[in-house]
Amino acid sequence: MTAPYAEVIGDPINHSKSPLIHGFWIDALGLDATYRAHHVTPEALPAYFAARRDDPAWRGCNITIPHKQAALDLVEDRGSVRATIGAINLALRAEDGAIIGTNTDAGGFYAPIADMPLEGAPVVVIGAGGAARAILFALSRVGVGEVTILNRNVLKAAALCDYQHLWEGWAQRRRLPQEASSAFHGMANGYTPRRKRVRWKARCIALVCQTGNGNWSNSTD
């Protein structure tokens with residue numbers, strides 16, 4: 001019988017450190033299981049889930065770029081993720097055999113900012129993908145004020161602004177801010193824990209950057 005396994009999927013995926021991280025704990029706990037990276041293109045995503053649904057050894061997968069939104073259409077949404085965040089980063093096999101999707105990004109981001117004085121504060125979110133959606137969901141729970149989204153693809157950022165489930169009760173704008181108390185990085189960085197700096201060209205402003213691994217850095221330009 002094939003040993004149970006899980007994996008991380010994305011396009012590209014060779015940069016991922018997830019197999020190293022999860023493989024370490026599998027060995028440390030003495031589990032008879034494996035964790036690997038699996039390259040899945042957007043076109044192959046439906047076939048991937050169809051194949052894994054019929055594979056009893058598959059336990060689940062972490063989901064990274066560019067699949068966090070598209071994967072939601074291919075799994076069961078028992079936690080109403082579509083009606084809140086609109087993206088998943090984890091798919092797993094439930095006890096009844098169904099493949100369900102969930103999002104752990106939001107909780108992971110919320111934990112280090114829960115006690116920060118962000119209520120009513122203007123913030124900047126860099127990126128407009130699945131991770132940015134989870135960040136916005138977490139920010140809504142701490143009651144931040146005006147939110148500005150910066151992204152290379154303006155249409156993608158505008159689509160995120162129009163995702164009403166994330167914006168109930170929030171003011172919106174789509175221009176560069178003159179000032180902000182915090183900036184939150186929601187773009188892929190290769191899973192490598194590292195401190196990131198945010199250089200702001202509009203004015204001399206100090207920003208706080210949460211890179212997703214609990215590290216914070218201040219930058220003044």
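So if I check each of Ala28, Ala33, which one is over 30 Å from Ala128 (Cβ atoms), surrounded by fewer than 14 Cβ atoms within 10 Å (Cβ to Cβ) and not assigned by TED's automatic domain parsing to the domain that holds Ala134?
Step by step, each of Ala28, Ala33 is checked, and only Ala28 is over 30 Å from Ala128 (Cβ atoms), surrounded by fewer than 14 Cβ atoms within 10 Å (Cβ to Cβ) and not assigned by TED's automatic domain parsing to the domain that holds Ala134.
So Ala71 passes all but one of these: (1) part of a loop (DSSP other than H, G, I, E, B); (2) within 21 Å of Ile9 (Cα to Cα). Which condition number does it fail?
Failing condition for Ala71: (1).
With the requirement that a residue be farther than 20 Å from Cys161 by Cα and either of a type in the set (Lys, Arg) or touching a residue at least 60 places away in the same chain (Cβ under 8 Å) (or both), what does the range 74-88 give you?
Once the filter is applied, which keeps residues that are farther than 20 Å from Cys161 by Cα and either of a type in the set (Lys, Arg) or touching a residue at least 60 places away in the same chain (Cβ under 8 Å) (or both), the range 74-88 yields only Arg78.
Does Ala87 count as surrounded by 19 or more Cβ atoms within 10 Å (Cβ to Cβ) and either assigned to a loop (DSSP other than H, G, I, E, B) or modelled with pLDDT of 95 or more (or both)?
yes
Please tell me if Ala91 is touching a Pro at 6+ places or on another chain (Cβ under 7 Å), at negative phi and in contact (Cβ under 8 Å) with a residue 12 or more places away in the chain. Talk me through it step by step, then tell me what you get.
Numbers: touching a Pro at 6+ places or on another chain (Cβ under 7 Å): no; at negative phi: yes; in contact (Cβ under 8 Å) with a residue 12 or more places away in the chain: yes.
The answer is no for Ala91.
For the range 107-157, give me the residue count where each residue is surrounded by fewer than 16 Cβ atoms within 10 Å (Cβ to Cβ) and touching a helix residue (DSSP H, G or I) at 6+ places or on another chain (Cβ under 7 Å).
Going through the range 107-157 one residue at a time, the tally reaches 1.
The values are calculated or read from the model by the stated rules, or taken from the named source; none is laboratory data. Owing to the predicted nature of the structure, the values given are computational and were not obtained by experimental measurement. Neighbour counts are summed over all protein chains in view; Cβ atoms, including those assigned to glycine, are modelled from backbone coordinates with ideal geometry.
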